[in-house]
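The values are calculated or read from the model by the stated rules, or taken from the named source; none is laboratory data. This one's a predicted model, so the numbers in the text were calculated from it and none came from an experiment. Cβ: placed from backbone, ideal geometry, glycine included. Neighbour counts: every protein chain shown. Protein only, heavy atoms only, side chains kept; ligands, DNA and RNA dropped before computing areas. Shrake-Rupley method; radii C 1.70, N 1.55, O 1.52, S 1.80 Å.
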Amino acid sequence: MKKRILITILLFCLTALSFAKNFDFYPNASYDPAIPTLKQVVGHSWGERITSHGEMERYVQALAEASGNVELVEYAKTWEGRALYYLIIASEKNMARLDEIKDGMQKLADPRKINSAEADDLIKSLPSIAWLAYGVHGNEISSTDAGLLTAYHLVAAKKDTVAKSVLENTVVIIDPMQNPDGRDRFVNYFRQTRGRWPNADQKAAEHNEDWPGGRTNHYLFDMNRDWFALTQPETRGRVESYLEWYPQVFVDLHEMGSNSTYYFAPPADPLNPEMPPEQIKWLERFGRNNAKWFDRMQFDYFTGEVFDSFYPGYGEGWPMFQGSIGMTYEQASARGLVVKREDETTMHYRDAVQHHFISSLATAETAATKRESLLRYFYKYRQSAIQEGSRESIKEYIIPPGSDPNRSAKLVSLLLRQGIEVKKAETAFTNSKVKDYYDGQTQSKRFPEGTYLVSLAQPAKRLAKTLLAKQTSMDDAFIKEQLRRHKKRLRDQIYDVTAWSMPLIYDVEAYRAENASSGRFTVMSETVANKSQIRAGKAQLAYLIPWGTNSAAEALLSLVHQDIRVFSSDKPMTLSGKKFPRGSLIIKVKNNPDDLHQRLEKLASETGAEIIATNTSWVDEGVNFGSGNVKFLKKPKIAMAYHTPTSSYSVGWARYILEQQYSYPVTIMNTSQIGRFDLHKYNVLILPNTRGGYTKTLGESGAKKIKAWVQNGGTLITFGQATHWLTEDKVDLLTTSRELKGGKPEKKKKEEKPKEAKTKKTAPDLSEPFDVEKAIQPEEELPASTPGAIMRVKLDSEHWLAFGYDGDANVMVSSRNIFTPVKLDKGRNVALYMPEDKVLVSGFTWEDARKQIASKAYLMHQRHGQGHVVAFAEDPNYRAFMDGLNLLFLNAICFGPAH
Ligand SMILES: [Zn+2]
């Protein structure tokens, strides 16, 4: 017995040894024993386990301590408190002059600061910078381990000529784990579900995560879409670090489905039109060298078919607009330690790690061997950007402070944080040739002091333009191909949204100027802080906050959070000559804390909200504070559905906006438990968007419960598919239907069906030739899905849901939801899509979808008993970058319970 155990152990050790010996991540490598391996630091070897954040942290610290070629930088912290790091890897000579290198990059990045001789010197003497970023999607696991192995190899493989050349010619920046919170969510799940042996069956639980999965960060954001919106601390830290280095190469390493192979550049169409041909050529150069290595190692790969380079919020995209050669690499995922693939091969985690490791080295090698031409390209990229900006027809974007100065300031701050130069007008000025974002009429316009101006004659022109332009177009051939595919009902190849114009999503006043403005402008050096103070001193009677700005909403939520009593006027008022629009807030001195003034003062300075003291409620026009049209605002107590079947993005965006942008609490509840819980503690319930629909999870009893709760005064807010759920027969909370293509209601009474089937069966007319095109059209299908386009809606300004708006707003449409407006006796259509010729403001949609969506419902309101149903056709909180829609969402929360 004992002998047999011994033999088994021996055999096991031998297998383990032979595994370590036989699996060569890098053929014939020899490593400096002074540099610690992953196994020595955390106990498992490369590719043997899926490294957690804590293990990564220990390893990068050990590596930095042991090697003179490594410096460790902590650049941000996640919401859950995990540190984000990057490693700087370079020769000792370059390590000693990192500041000088950074300074040199800043100069090359702004060719206005140096002459061509100075540029030549820098290009000759500086190393190139290659930035390798791993694991932005936390469940795309192999890249992190590959990042650690790449770092180890570069500093420990002293005899490897590739590593040597990379160290000498390049500064490699390795961000091994871009999404620690998501990574640990995956790692914990995997470690909890795996059994004694890792299971290769793709159906095994260990390969199939629970909701919400590890892709996203704590607030369930896809950080590979967040680069210009900068909503998350991880992204903000990365962009800030990027701008210190201006790398010439930026690679974002991902994973895709287990049955795939490996993807690297060149990318698929469409390419963003702001990418110059020289940049595209470089993509191919990098791709070719990767291919050389992959062919040598017999690794399968593909290029050019799937992943595009159009949206500026990707990890590969945003750096492209700064001049980096930005690339996405994708490795088939083992989603665990071993997986059996459809081609009947077995893929181990270590295989995936090796592929990313080899592509990392190949990339660094290209950056090293082509150091000088890469630096020259980068310098010319930034130089030609300035020239392009002064040559093209649009010379500037002009953003006046407008009706919500803090929202405009936030937009400007975002531009500044991305290294875009913004100027501020010292005095009023006139530009004789400007167009607004909607009618396109050229006019002469005077702008007030404090107006922001983004000239395109700047090194970051291409980023500035793609973020600020009204429209970024996909090329004609690509569109034509999509139309052809659409006709055949083949899936389109549009990978992400087709519109993101920042003035549109922020819904701020903005102009495109064909003339460069002249006047007195200063280049802004820091972001704009929201600050305000109470006007007209300490009040005896009340304080007023005009409604219509995001800051006012922030102030209101802070006030009710502090249990301060706030009223809101449903009618406009003019008081002491100042106009207060509908929704404006009245905070009376009586029945409020004694330190009300101090609290409001603090609030004004923190939120930038306009607060005005008054000692009279006598109005020039409108209603007095004691009017029945002045409503007491009940404190919103918000619950939100969470977990399956909700879309984790939709949950995350709403929660982030409430908790982080507006500092207001929300209770998240598992959807499956909502039917069992007593909801009366809450007066607002949010049902976020969903992929699967709520029918199964909530059931009839859940629907009944929610209905009774609404009858009792609850405000139910729904987005997208949740709105669709409301229209189901058994739910019946919204008296309308989603439309089929052509406009017929999707919902049909059951008894109508046989009749319809009968009419369909009439004998074919043989006198006409058979029209096959017509005959193959589906009888019933949903309208074509709009792939993320900005559309314009018209608002019913008298309705409390639309308070604060001047009659229209921009929305993101990213679905096939088209709702027939509700009838007047059932409810109100607070927002309707604009007519056909005005509805599409930016981006792409299908002709028939555009025609059908025109004048249909975006936001509907229906009363049930004491309560409200507030139904959005789409998610108003899309990626938390639709700042212009915050009020529409918050009006529902703040004003619903009061009406
Ligand atoms: Zn990914």
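Of note, Arg816 does not satisfy the criterion of being open to solvent by 20 Å² or more (accessible area, probe 1.4 Å), in a helix (DSSP H, G or I) and not hydroxyl-bearing (Ser, Thr, Tyr). Before we move on, is Pro176 touching a Gly at 6+ places or on another chain (Cβ under 7 Å), open to solvent by 40 Å² or more (accessible area, probe 1.4 Å) and either away from the ligand (no atom under 15 Å from the Cβ) or of a type in the set (S, T, N, Q) (or both)? For Pro176, the condition - touching a Gly at 6+ places or on another chain (Cβ under 7 Å), open to solvent by 40 Å² or more (accessible area, probe 1.4 Å) and either away from the ligand (no atom under 15 Å from the Cβ) or of a type in the set (S, T, N, Q) (or both) - is not met.
On inspection, Met256 fails the criterion of being closer than 30 Å to Ala34 by Cβ, within 16 Å of the ligand (Cβ to nearest atom), at pLDDT 95 or above and open to solvent by less than 40 Å² (accessible area, probe 1.4 Å).
Going through (1) within 16 Å of the ligand (Cβ to nearest atom); (2) among the charged types (D, E, K, R); (3) within 20 Å of His355 (Cβ to Cβ) one by one, Asp181 falls short only on (3).
I'm checking my understanding of the structure. Among residues of the range 259-292 that are open to solvent by less than 10 Å² (accessible area, probe 1.4 Å) and either part of a loop (DSSP other than H, G, I, E, B) or among the hydrophobic types (A, V, I, L, M, F, W, C) (or both), which one is farthest from Val162 (Cα to Cα)?
Asn272
For beta carbons closer than 7 Å, sequence separation of 6+ or different chains, a first residue in the range 202-218 that is more than 26 Å from Tyr656 (Cβ to Cβ) and a second that is within 16 Å of the ligand (Cβ to nearest atom), the qualifying pairs are Gln202/Ser258; His207/Arg335. Considering the range 607-653, and only residues there that are within 26 Å of Ser532 (Cβ to Cβ) and among the aliphatic types (A, V, I, L, M), the residue that is farthest from the chain's Cα centre (by Cα) turns out to be Val619.
Yes/no matrix, rows are residues, columns are (1) at positive phi; (2) in contact (Cβ under 8 Å) with a residue 60 or more places away in the chain; (3) surrounded by 17 or more Cβ atoms within 10 Å (Cβ to Cβ):
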{"site": "Asp439", "(1), (2), (3)": "no, no, no"}
{"site": "Gln443", "(1), (2), (3)": "no, no, no"}
{"site": "Thr451", "(1), (2), (3)": "no, no, yes"}
{"site": "Gln471", "(1), (2), (3)": "no, yes, no"}
{"site": "Asp476", "(1), (2), (3)": "no, no, no"}
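Against the definition (among the basic types (Lys, Arg) and either in a loop (DSSP other than H, G, I, E, B) or in contact (Cβ under 8 Å) with a residue 24 or more places away in the chain (or both)), how does Arg484 come out, yes or no? Outline the logic, then answer.
Details: among the basic types (Lys, Arg): yes; either in a loop (DSSP other than H, G, I, E, B) or in contact (Cβ under 8 Å) with a residue 24 or more places away in the chain (or both): no.
Considered against the rule, which asks whether it is among the basic types (Lys, Arg) and either in a loop (DSSP other than H, G, I, E, B) or in contact (Cβ under 8 Å) with a residue 24 or more places away in the chain (or both), Arg484 comes out as no.
Counting the residues of the range 227-253 that are open to solvent by less than 10 Å² (accessible area, probe 1.4 Å) and among the charged types (D, E, K, R) gives 3. Of all residues in the range 457-481, those being in contact with a Pro (Cβ under 6 Å, 6 or more places away or on another chain) and among the acidic types (Asp, Glu) number 1.
Taken over the range 192-234, the criterion of being over 16 Å from Gly313 (Cα atoms) and of a type in the set (Phe, Trp, Tyr) is satisfied by Trp197, Trp211, Tyr219. Scanning the range 26-56 for residues that are among the acidic types (Asp, Glu) and open to solvent by 50 Å² or more (accessible area, probe 1.4 Å) gives a single hit, Glu48. Among residues that are more than 33 Å from the chain's Cα centre (by Cα), assigned to a loop (DSSP other than H, G, I, E, B), free of Cβ contacts under 8 Å to residues at least 40 places away in the same chain and more than 20 Å from Ser143 (Cα to Cα), Gly68 is included. Of the listed requirements (1) in contact (Cβ under 8 Å) with a residue 60 or more places away in the chain; (2) open to solvent by 40 Å² or more (accessible area, probe 1.4 Å); (3) among the hydroxyl-bearing types (Ser, Thr, Tyr), Ser525 misses just one: (1). Please find, within the range 190-212, the residue that is nearest to Arg691 (Cα to Cα) out of those that are of a type in the set (Gly, Ala, Ser) and out of contact with any Gly (no Cβ under 8 Å at 6 or more places or on another chain). If we take residues in the range 190-212 being of a type in the set (Gly, Ala, Ser) and out of contact with any Gly (no Cβ under 8 Å at 6 or more places or on another chain), then Ala205 is nearest to Arg691 (Cα to Cα).
Counting only helices (runs of 4 or more DSSP H) wholly contained in the range 696-788, the ones carrying 2 or more residues that are open to solvent by 50 Å² or more (accessible area, probe 1.4 Å) and modelled with pLDDT under 90 occupy 752-760, 772-775.
Screening Val306 on (1) modelled with pLDDT under 95; (2) in a strand (DSSP E or B); (3) of a type in the set (A, V, I, L, M, F, W, C) shows it passes everything except condition (2). Scanning the range 116-173 for residues that are open to solvent by less than 10 Å² (accessible area, probe 1.4 Å), touching a Lys or Arg at 6+ places or on another chain (Cβ under 6 Å) and away from the ligand (no atom under 15 Å from the Cβ) gives Ile123, Ser128. Filtering the range 875-896 to residues that are surrounded by fewer than 24 Cβ atoms within 10 Å (Cβ to Cβ) and outside any helix (DSSP H, G or I) leaves only Phe881. Taking the conditions (1) open to solvent by 10 Å² or more (accessible area, probe 1.4 Å); (2) under 26 Å from Phe286 (Cβ atoms); (3) more than 14 Å from the ligand (Cβ to nearest atom) in turn, Asn224 satisfies each one other than (3).
Under the condition of being closer than 15 Å to Phe580 by Cβ and either in contact (Cβ under 8 Å) with a residue 60 or more places away in the chain or crowded, with 17+ Cβ neighbours inside 10 Å (or both), the residues counted in the range 624-637 number 4.
Check whether at least one residue in the range 309-332 is surrounded by 18 or more Cβ atoms within 10 Å (Cβ to Cβ), away from the ligand (no atom under 16 Å from the Cβ) and part of a strand (DSSP E or B), and report yes or no. Taking every residue of the range 309-332 in turn, at least one turns out to be surrounded by 18 or more Cβ atoms within 10 Å (Cβ to Cβ), away from the ligand (no atom under 16 Å from the Cβ) and part of a strand (DSSP E or B). Taking the range 588-609 as the range and being open to solvent by 70 Å² or more (accessible area, probe 1.4 Å) and in a loop (DSSP other than H, G, I, E, B) as the test, the residues that pass are Lys590, Asn591, Asp594.
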